[in-house]
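Input: a single structure, listed below in structure tokens.
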Amino acid sequence: MSVTTIVIIIVIIIVWCYFNNTEQFATKREKGKAIYDWFQDNKQPNYAQFSREISDVDLVEYESALSLSQRGRLTLDSITRSLI
């Protein structure tokens, strides 16, 4: 394999990684705000709907926010602190 081929492969990988970045939130605070807003708007939450509307959040983060909501401790700060 020539050096040119290796360089081309590396460039393709770098470009693919750049354009395939699926993370939707720049900061944990931004992610926490989206989760907080979603729980405020949905009084009967379910994970299927949640995962369709907020794509960059996993089940553990959803369950953590749900637990906070059920205990009446749902605040932006508490959700942001609980994020992975």
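Overview of results
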| quantity | calculated |
| --- | --- |
| C-alpha long axis of helix 3-19 to longest principal axis of the chain, angle in ° | 20 |
| Simple Cβ-charge dipole of the chain, Lys/Arg +1 and Asp/Glu -1, about Cα centre, in debye nearest 20 | 220 |
| Degrees between helix 59-70 axis and first principal axis of the chain (Cα, 0 to 90, nearest 10) | 20 |
| Spherically averaged projected area of the stretch 25-82 from its Cα convex hull (nm²) | 3.4 |
| 18 Å Cα-Cα reach of Lys28 towards aspartates and glutamates, excluding residues that sit fewer than 8 places from it in its own chain | Asp37, Glu53, Asp56, Asp58, Glu61, Glu63, Asp77 |
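The numbers here are math on the coordinates, done by the rules we state, and not lab data. The model shown is predicted, which means the values in this text are computed figures rather than measured ones. Note: ideal-geometry Cβ built from the backbone for every residue, glycine included; neighbour counts use all protein chains shown.
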